[in-house]
Amino acid sequence: MLFPTTDFAIFFAIVFALHWLLNPHRTVWKWFILLASTVFYAWWDPRLAWLLALVSTLAWVGALWVERQQDERRRRRRTLVAVVALLAPLAWCKYYGFFALNLANAFESIGLEPPLPLLQVLLPIGISFYTFMAISYVVDVSRYEIQPSGWLDVSVYLAFFPHLVAGPIVRGGELIPQIRRRRDPRSIDLARASFLIFGGLFKKIVVSSYLATQIVDPVFGAPSAHGGLEVLVAIYAYAIVIYTDFSAYTDIAIGTALLLGFEFPVNFDRPYTATSLRDFWRRWHMTLSRWLRDYLYIPLGGSRHGELRTAINILLTMLLGGLWHGAGWTFLAWGALHGVGQVVGRWRSRRVRAGRSVSGWVIARKRFVTFQLVCLGWVFFRADSIESAFEILGRLFAPGSLELVSPLVIVAIAGMLGAQYLPADPAERLRRGFSRLGPVLQGAALAAVLFTITTLGTSGVTPFIYFQF
């Protein structure tokens, strides 16, 4: 069920009404939200609902099993077993085909039969997101950061439909306490929720869909038919497409949760204003960045064991982060580029003298270089194969027309990039002004915005990019 559809509008209207009606009845409310979230997830394929229930049960049992062990060494072993059990469904659904195919190619190259059967395993939507949330829950229990919860609480935490298929990645300590307490409908921040939802709809329906269909899909689909400038603009356009698409989903998710009385963590903070790749990951998909830091980079040793070990830990973290996005060499290449870039950036920053002032020109140069590196990574992220990525990069120096580069394409790219440099004060004043309007005027304003979005948007709604991860 896609957010910007009539199906979801009807679904959410029903859930919203029953949610607040059942709010005083805690257990009934939990069962209702779990049922509604299961319906939301099963809308794509009812056969996959059992997998969500399995991961929820594994997380619940694993956390209880870990909590009952007081010996730290055995506790860590139990945690490892529980994490492996949670990773098993993800590994089978997402990585078995990739591993079996590459193993078969390696064996066939030396004249041997493939050791594993080649199977086409269905990839469940959102499995990477709720698996990572389940792992964080078990590990946080192991670290004494949270107490184990009952099966129903854990199930609602993992299945809660606003974050279910594409994040943000919400931790147990952030969401489970909100599940347990009764919400006050008078505390809903309607203005903020409206701005997030309608802003997300604009980014997805108007900007992302337009740039994707107008230039990104044609160029990446047939790079040999396009010249250098057209390819360059398509690369920049894809940077805007993936940002507007993914941030649109999380904005709508956060806004939808707000209407239900829940607070989710922010997932984006003007990522294309970053001055380094390390800074980029502080701003892009921040809930994943913090997850990788707290549950992978720091357990590997972080920066505690010298520069060489730190560089290795950064590379391993980014490689696994790339592999999390997809089972393919292109995602590994994307992760490697960000890993190497962060290592080099860390080395360069250590050479800068302490206390040295940084001019505005230097900051602008850093932002420009960082954006080019991020766009280079997006080529591998978007390409169908490593060969296709290098073909696209090779076409940057080829002659050709600018048939797909319309003024509106340039305005959309420049406008979304420029918007990231705007101060937050005007938007905040606009939101406060909206909150002071009466219900009739608020409804009229939202109706006008929705009319504008549907008028400017393309026909049909494509799935969000991050659904496949």
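Numerical summary
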quantity: Subset of segment 404-439 [at pLDDT below 90, outside any helix (DSSP H, G or I) and surrounded by 12 or more Cβ atoms within 10 Å (Cβ to Cβ)]; calculated: LEU437
quantity: Any hit, segment 338-350, residues being modelled with pLDDT under 95, surrounded by fewer than 20 Cβ atoms within 10 Å (Cβ to Cβ), outside any helix (DSSP H, G or I) and polar (S, T, N, Q); calculated: no
quantity: From GLY221, GLY199, GLY227, residue being touching a Pro at 6+ places or on another chain (Cβ under 8 Å) and over 27 Å from PRO24 (Cβ atoms); calculated: GLY227
quantity: Scope segment 278-289; condition buried (at least 17 other Cβ atoms within 10 Å of the Cβ) and part of a helix (DSSP H, G or I); matching residues; calculated: ARG278, ASP279, PHE280, TRP281, ARG283, MET286, THR287, LEU288, SER289
quantity: Exclusive hit being polar (S, T, N, Q), free of Cβ contacts under 8 Å to residues at least 60 places away in the same chain and out of contact with any Lys or Arg (no Cβ under 7 Å at 6 or more places or on another chain), set SER194, SER208; calculated: SER208
quantity: Qualifying residue in segment 39-62 (condition: of a type in the set (Lys, Arg) and at pLDDT 90 or above); calculated: no
quantity: Test: residue in segment 447-465 that is closer than 30 Å to ASP279 by Cα and surrounded by fewer than 17 Cβ atoms within 10 Å (Cβ to Cβ); calculated: yes
quantity: Selection within segment 116-142 - buried (at least 23 other Cβ atoms within 10 Å of the Cβ) and without any contact (Cβ under 8 Å) to a residue 60 or more places away in the chain; calculated: MET133
quantity: Hits in segment 211-259 - residues which are surrounded by 22 or more Cβ atoms within 10 Å (Cβ to Cβ) and outside any helix (DSSP H, G or I); calculated: HIS226
quantity: Meets criteria (of a type in the set (A, V, I, L, M, F, W, C), more than 29 Å from the chain's Cα centre (by Cα) and modelled with pLDDT of 95 or more) for TRP65; calculated: yes
quantity: Hits in segment 22-69 - residues which are of a type in the set (D, E, K, R) and assigned to a helix (DSSP H, G or I); calculated: ARG26, LYS30, ARG47, GLU67
quantity: LEU51 vs. criteria among the hydrophobic types (A, V, I, L, M, F, W, C) and more than 25 Å from ILE127 (Cα to Cα); calculated: no
quantity: Residue among ALA327, ALA354 that alone is crowded, with 18+ Cβ neighbours inside 10 Å, modelled with pLDDT under 90, assigned by TED's automatic domain parsing to the domain that holds ASP217 and not in a helix (DSSP H, G or I); calculated: ALA327
quantity: All helices (runs of 4 or more DSSP H) inside segment 129-202 with 1 or more residues being under 28 Å from LEU323 (Cα atoms) and in contact with a Gly (Cβ under 8 Å, 6 or more places away or on another chain); calculated: 151-159, 190-201
quantity: Residue pairs meeting the criteria (Cβ under 7 Å; at least 6 apart or on separate chains; first touching a residue at least 12 places away in the same chain (Cβ under 8 Å) and assigned by TED's automatic domain parsing to the domain that holds PRO162, in segment 15-36; second of a type in the set (Gly, Ala, Ser) and surrounded by 15 or more Cβ atoms within 10 Å (Cβ to Cβ)); calculated: VAL15/ALA36; LEU34/SER155; LEU34/ALA159
quantity: Residue list for segment 300-324, restricted to those being surrounded by fewer than 20 Cβ atoms within 10 Å (Cβ to Cβ), closer than 23 Å to ILE169 by Cα, touching a Phe, Trp or Tyr at 6+ places or on another chain (Cβ under 9 Å) and at pLDDT below 95; calculated: LEU323
quantity: Candidate set from segment 359-395 (those that are over 19 Å from GLY335 (Cβ atoms) and basic (Lys, Arg)); member that is farthest from the chain's Cα centre (by Cα); calculated: ARG395
quantity: LEU308 assigned to a helix (DSSP H, G or I) and free of Cβ contacts under 8 Å to residues at least 12 places away in the same chain; calculated: yes
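To keep it simple, each residue is scored yes or no on (1) among the aliphatic types (A, V, I, L, M); (2) closer than 24 Å to LEU296 by Cβ; (3) over 29 Å from the mean Cα position of the chain (by Cα).
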residue	(1), (2), (3)
ARG73	no, yes, yes
LEU80	yes, yes, no
TYR96	no, yes, no
ASN102	no, yes, no
ILE110	yes, no, yes
LEU118	yes, no, yes
VAL141	yes, yes, no
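The rows are residues; the columns are (1) under 30 Å from THR330 (Cβ atoms); (2) crowded, with 18+ Cβ neighbours inside 10 Å; (3) touching a residue at least 40 places away in the same chain (Cβ under 8 Å); (4) of a type in the set (S, T, N, Q).
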{"position": "VAL66", "(1), (2), (3), (4)": "no, yes, yes, no"}
{"position": "GLN69", "(1), (2), (3), (4)": "no, no, no, yes"}
{"position": "GLU72", "(1), (2), (3), (4)": "no, no, no, no"}
{"position": "ARG75", "(1), (2), (3), (4)": "no, yes, yes, no"}
{"position": "VAL81", "(1), (2), (3), (4)": "no, no, no, no"}
{"position": "TRP92", "(1), (2), (3), (4)": "yes, no, no, no"}
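The values are calculated or read from the model by the stated rules, or taken from the named source; none is laboratory data. In this text the structure is predicted, and so the values were computed from the model without any measurement. Backbone-built Cβ (ideal geometry, glycine too); neighbour counts: all protein chains shown.
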